[in-house]
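The values are calculated or read from the model by the stated rules, or taken from the named source; none is laboratory data. Source: prediction; values computed, not measured. Ideal geometry is used to build each Cβ from the backbone, glycine not excepted, and the neighbour counts take in all protein chains shown. These area figures cover heavy atoms from the full protein model, side chains too; ligands, DNA and RNA do not enter into them. Shrake-Rupley method; radii C 1.70, N 1.55, O 1.52, S 1.80 Å.
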Amino acid sequence: MLVLTRKPRQQIMIGDNIVVNVVEVQGDNVRIAIEAPREIKIYRGEIYRAIQEENKKAASPRSDIDLTKLPSKPEN
């Protein structure tokens, strides 16, 4: 992990096409602006973790479904 100290109006470059701008610092709060290509998704950490958890749940097999009660395949 890289830890940097920045002041308002200073930037951090990530690669060639992502710029993180420090907009404002008020006490414990830091406002940042992120410039990145449209195809790069940017999420707050807690939102990203919630999305990952939902994806894991959706990919897990459901144990509450009784497959024996599904209709059998019709014969032609």
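Within the stretch 52-76, the residues that satisfy the criterion of being part of a helix (DSSP H, G or I) and open to solvent by less than 100 Å² (accessible area, probe 1.4 Å) are GLN52, GLU53, ASN55, ALA58, ALA59. Whenever a residue of the stretch 50-62 is of a type in the set (Val, Ile, Thr), its partners that are assigned to a loop (DSSP other than H, G, I, E, B), lying with C-beta atoms within less than 8 angstrom and at least six residues away or across chains, give the pairs ILE51/TYR43.
Residue-level analysis places ARG49 outside the set of residues that are touching a strand residue (DSSP E or B) at 6+ places or on another chain (Cβ under 7 Å), closer than 26 Å to LEU4 by Cβ, open to solvent by 100 Å² or more (accessible area, probe 1.4 Å) and outside any loop (DSSP other than H, G, I, E, B).
Taking the criterion of being among the small types (Gly, Ala, Ser) and assigned to a loop (DSSP other than H, G, I, E, B), the residues of the stretch 1-46 that qualify are GLY15, GLY27, ALA36.
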